[in-house]
1. Only Lys, Arg, Asp and Glu count, each charged at its Cβ (+1, +1, -1, -1), so figure out the dipole size of the chain about its Cα centre, rounded to 20 debye.
2. Along the positive direction of the dipole of the chain (beta-carbon charges: Lys, Arg +1; Asp, Glu -1; about the Cα centre), which of LEU32, ALA49, VAL8 reaches farthest?
3. Compute the acute angle (0 to 90°) between the alpha-carbon long axis of helix 22-48 and the principal axis of greatest extent of the alpha-carbon atoms of the chain; round to the nearest 10°.
4. Would you mind calculating the gained length between GLU24 and VAL12 on full extension (0.36 nm times residue separation, minus the Cα-Cα distance), in nm to one decimal?
5. Just add up the charged neighbours of LYS43: K/R +1, D/E -1, any other residue whose Cβ is under 13 Å from the Cβ of LYS43.
6. Rounded, prolate or oblate, given the Cα gyration tensor of segment 1-46, with a/c below 1.5 counting as rounded?
7. Could you please report the charge total around GLU23, scoring K, R as +1 and D, E as -1 over all other residues with beta-carbon less than 14 angstrom from its beta-carbon?
8. At a Cα cut-off below 29 Å, give the lysines reachable from LYS51, other chains included and same-chain residues fewer than 8 away excluded.
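Coordinate-derived values only; no laboratory data. Please read all numbers here as calculations on a predicted model, not as lab measurements. Cβ atoms come from the backbone with ideal geometry, glycine included; neighbour counts cover every protein chain shown.
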Amino acid sequence: MGEIIIKVPEDVKEVIETELPYEEIKKKIEELERERKLKFLRKFTEKYAGKIEVPEVKEEELYE
């Protein structure tokens, strides 16, 4: 059995057993992190639109 350790800011320890393959779990976690970052960037650009110059960036460029 493998083990995946996810570190979070909270003081939490939880064991979740699953039969899913590692690659599938890792892919979903990465998707969640990308969505969180995109949400932050959208809020940031909406808040400061017209106040500061923010260059147009393609979504693919965010992950390079």
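1. Details: 14 positive and 19 negative charges, 95 e Å.
Using only the charged Cβ atoms, the result is roughly 460 debye.
2. So the residue we want is ALA49.
3. It works out to around 20 degrees.
4. Values: separation 12, 0.36 × 12 = 4.32 nm, distance 2.31 nm.
Extra length from GLU24 to VAL12 when fully extended: 2.0 nm.
5. Working: positive: ARG36, LYS37, LYS39, ARG42, LYS47; negative: GLU35, GLU46.
Every neighbour counted, the sum reads +3.
6. On the way: a/c = 4.33, a/b = 1.82, b/c = 2.37.
Oblate.
7. Details: positive: LYS26, LYS27, LYS28; negative: GLU19, GLU24, GLU30, GLU31.
Summing Lys and Arg as +1 and Asp and Glu as -1 gives -1.
8. By straight Cα distance, LYS51 reaches LYS37, LYS39, LYS43.
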